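Asks: Sharing a structure below in structure tokens format, with a few things to ask.
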Amino acid sequence: MKKQPERSEVPEELKWRLEDIFCSDEEWEKGMSLLSEMTGKMSGYKGKLGDPDILLEAMGSSVEAEKLSEKVYAYAKMRRDEDNANMRHQAMAARALSALVKFEEEVSYMAPELLAIPEEEFASFFDRVEKLMPYKRHLYEIVRKRRYVLSEKEERILALSSEMADGTKNAFSMLNNADIKFGTVIADNEEIEITHARFGLLMRHPDRNVRKETFEVFYRQYEGRKNTLSALLSGSVKGDLFYTRARGYESTLAAALFEDNVPVSVYQGLIEAVNKHIGSLHRYISLRKKAFNIDKVHLYDLYAPIAKDVEFGINYVEASRLIREALAPLGSEYAEVLDEALCGRWIDVMENRGKTSGAYSWGLWSAHPFMLLNWQDNLDNAFILVHELGHAMHSRYSSAAQPYIDAHYKIFVAEVASTVNEALMMAHLIKNADSKEKKAMLLNHHLESFRTTFFRQTMFAEFEADMHAAAQRNEPLTAESIGKDYTGLNSRYHGQDMEIDPQVALECLRVPHFYNSFYVYKYATGFASAIAISRAILEGEAGARERYIDFLKAGGSDYPLEILKKAGVDLTTDRPIMNCINVFDETLSEFEKLLG
Ligand SMILES: [Zn+2]
């Protein structure tokens, strides 16, 4: 067995250089003291924000403290991620987190105080004190909620209720992650205990009997708990409804979309456009049926690869080269920054003992972004790298172009940059595949990302909308009513070649996302946006590349829909969705042709 290296054994050039944030732990300590001093000063503005001159001063101090707190926290947390057994860094990360919480507490008076300023008077601030202008958008974002903010007493009651409202989510999580034991299945002559992670792998197993057996064993546990699970899900929806009604939003959907300032029509437009062209997904399901030579496609046939996996042995250096080539269509300026990311020690590449698992990118305003990887020599890791580089480049462009207060992009647009990168790399790989097997595998992989990120998330979004609408009509949400709706959606989305087993009704009861309402549609809109952008760039559409760079530079300087318009994507129309479906259709045709 290969032993994991110690942190000290990893070559320097494959480690990130956190010294670019603080040159030593001692400097970090100085940063902590300064932050504590700055935090202490914030209470001095309390009760005085009605004076625009003092507001200006308070905003300046707050932003400076936030810049520092971002650095202090990132440094300590990433040091800890290098080796979680390092007690010194563990303690530093905990202290940094406390400092952050303390700062948040210290400035928590600001929003209510701003909300208490009469609207007209607030509007006059920006004429009276011109230097407040750079904060205008940000300050208006705070007071935009005015309509939905209640009296101090009522707000207190709502705040007190929040822990109680989380009860259903926590109970679901405990039931789903701790209490349920799925049992075992025999695969490859070995008895395997089914876990959530292994369920995903076993659903990709080439032996259909293994998949079917796993599926049945797995869902038996949910069948036995379906009434409890439905009651929990219903409780979570009712919790949303409670806050929506208490604050006076039109619907739980409108309340959830308010944060990003996304109109309900965009949400509904996504669902309508996908439904209108759902025949494309039916075609894919039919192809699956034909390829597997089966009568009907069951839920347990949906994840198994149609084309055989081909091993791409690709090391880090080769992956870096591949990524440079694949992202060349983004232009020479992008390529230069990309080189900096790959060679400037932004990335912590190798696995080592104690290192945090997985991968992430961490954008900072006062320093370059950092990326954590746990590199393995395969294609999946090359995709992880190009994905995280998408986030990092987005952060780099935003931080360089925007002041701190406007630099941070929202989740709504975050996955666009990473998915554009993935799509460009996929196109490059498909174009240059040197064997039929490789090409088939890549196309299969690509089609699966459309199915799971675009179609499936839209189906989820429609399910959430149905469930919430029923609750709003005061209809009870039971195992039967929830299951019936979800089964109907599955049948409509997948078409006549899909067999709807009784277990399908249980799938919606085990999805943690549904406890975080109206969130998953962003995966679908983000994916569609990225596909539209990458297609325009690859086809050399005039100005497409420049528009995309402008999008990267925009950070959080406007609402997400407005920022996407800069990239040529207008989600208030169905064009990006249609575009995405067209690319799916073309990819599917190519795959069909290749399979013969
Ligand atoms: Zn991501």
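Asks: Checking the cross-link filter: which aspartates and glutamates have an alpha carbon closer than 14 Å to that of LYS553, excluding same-chain neighbours under 8 positions apart?
Replies: Of all the aspartates and glutamates, those that pass the test against LYS553 - Cα under 14 Å, at least 8 places apart if same chain - are GLU333, ASP406, GLU562.
Asks: For segment 191-317, restrict the atom set to alpha-carbon positions and state the Rg and Dmax in Å.
Replies: 20.9, 57
Asks: Still on this model: Of PHE292, PHE126, PHE218, PHE460, how do they rank once you tally other Cβ atoms within 10 Å and put the fewest first?
Replies: Working: PHE292 13, PHE126 16, PHE218 24, PHE460 21.
Ranking PHE292, PHE126, PHE218, PHE460 by Cβ neighbours within 10 Å, fewest first, gives PHE292, PHE126, PHE460, PHE218.
Asks: Further, regarding this structure: In debye, nearest 20: dipole of segment 313-409 around its Cα centre with unit charges on the Cβ of K, R (+) and D, E (-)? Could you put the intermediate results ahead of the total?
Replies: Numbers: 6 positive and 12 negative charges, 47 e Å.
Result for segment 313-409 is approximately 220 debye, rounded to the nearest 20.
Asks: Can I ask one more? Among the lysines, select those whose C-alpha is under 27 Å from the C-alpha of LYS593, and discard any that sit fewer than 8 residues away in the same chain.
Replies: Partners within reach: LYS276, LYS289, LYS290, LYS296, LYS308, LYS431, LYS436, LYS438, LYS439.
Asks: Normalised by the residues of the chain, what does the relative contact order come to in percent, with Cα pairs under 8 Å and at least six apart?
Replies: Reported as a whole number, the value is 18 percent.
Asks: Rank-order 133-139, 551-557 by packing density, defined as the average count of other C-beta atoms within 10 Å over each peptide's residues, highest first. Before the final figure, lay out each step's value.
Replies: Working: 133-139: 15.9, 551-557: 23.3.
Top of the packing list down: 551-557, 133-139.
Asks: Computed FRET efficiency, Cβ-Cβ of SER366 and VAL511, R0 51 Å: what is it to the nearest 0.05? Don't jump to the answer; show the numbers that get you there.
Replies: On the way: r = 38 Å, r/R0 = 0.75.
Computed FRET efficiency for SER366 and VAL511: 0.85.
Asks: Give me the distance between the Cα centres of segment 12-91 and segment 201-220, rounded to whole Å.
Replies: The distance from the Cα centre of segment 12-91 to that of segment 201-220 comes to 49 Å.
Asks: Now for a separate question. Rounded to the nearest 0.05, what FRET efficiency do LYS46 and ARG88 give with R0 = 41 Å and r taken as the Cβ-Cβ distance? Could you check?
Replies: For R0 = 41 Å, the calculated efficiency reads 0.70.
Asks: In deg cm²/dmol, rounded to 500, what helix-only [θ] at 222 nm does the chain give when every DSSP H run of at least 4 residues adds -39500 (n - 2.57) and the total is split over its residues?
Replies: On the way: 27 runs with 373 residues, N = 596.
It lands at -20000 deg cm²/dmol.
Asks: Going by Cα centres, segment 453-532 and segment 317-392 are how many Å apart?
Replies: Here the two parts' Cα centres lie 34 Å apart.
Asks: Given H placed 1.01 Å from N in the peptide plane, which residues other than close sequence neighbours of THR184 have an amide H under 5 Å from its amide H?
Replies: ILE194
Asks: Treat the chain as a sphere of radius equal to its Kirkwood radius over Cα pairs and apply Stokes-Einstein at 37 °C in a medium of 0.692 mPa s; give the translational diffusion coefficient in µm²/s, rounded to a whole number. Don't skip to the end; give the middle numbers.
Replies: Details: Rh = 26.6 Å.
Answer, rounded: 124 µm²/s.
Asks: Which of the aspartates and glutamates could a cross-linker span from LYS484 if the Cα-Cα distance has to be under 16 Å and same-chain partners fewer than 8 positions apart are dropped?
Replies: Of all the aspartates and glutamates, those that pass the test against LYS484 - Cα under 16 Å, at least 8 places apart if same chain - are GLU223, GLU462, GLU464, ASP466, GLU475, GLU499, ASP501, GLU507.
Asks: If the viscosity is 1.567 mPa s and the temperature 4 °C, what Stokes-Einstein diffusion coefficient in µm²/s follows for segment 396-519 when Rh is the Kirkwood radius over Cα pairs? The partial results should precede the final answer.
Replies: Details: Rh = 17.9 Å.
Value of D from the Cα-based Kirkwood radius: 72 µm²/s.
Asks: Can you give the convex hull volume per residue for the Cα atoms of segment 202-267, as a whole number of Å³?
Replies: Working: hull volume 8.7 nm³, N = 66.
Looking at segment 202-267, the number lands at 132 Å³ per residue.
Asks: Once you place label points 7 Å from the Cα toward the Cβ at ILE180 and ASP25, how far apart are they in nm?
Replies: It is 4.3 nm.
Asks: May I have the count of lysine pairs in segment 7-149 with C-alpha atoms under 22 Å apart, counting pairs 8 or more residues apart or located on different chains?
Replies: 27
Asks: Enter the Cα centre distance for the pair segment 540-580 and segment 424-449, rounded to the nearest angstrom.
Replies: 26 Å
Asks: When Lys and Arg each count +1 and Asp and Glu each count -1, what net charge do the other residues less than 15 Å away from ILE285, Cβ to Cβ, add up to?
Replies: Working: positive: ARG283, ARG288, LYS289, LYS290, LYS296, ARG451, ARG456, ARG492; negative: ASP295, ASP301, GLU448, ASP497, GLU499, ASP501, ASP585, GLU592.
That sum, taken over residues with Cβ under 15 Å, equals 0.
Asks: Under 19 Å from a label point 7 Å along Cα→Cβ of ASP570: give me every residue in segment 507-534 with its amide N that close.
Replies: In segment 507-534, the label zone of ASP570 (backbone N under 19 Å from the point 7 Å along Cα→Cβ) covers 525-526, 528-534.
Asks: What is the dipole size for the chain, taken about its Cα centre, with +1 at each Lys and Arg Cβ and -1 at each Asp and Glu Cβ, in debye to the nearest 20?
Replies: Numbers: 73 positive and 92 negative charges, 193 e Å.
Result for the chain is approximately 920 debye, rounded to the nearest 20.
None of the figures in this text is laboratory data; all of them are computed from the coordinates on show. Quantities reported herein were computed from a predicted structural model and do not represent experimental measurements. Every residue, glycine among them, receives a Cβ derived from its backbone with ideal geometry; neighbour counts consider all protein chains shown.
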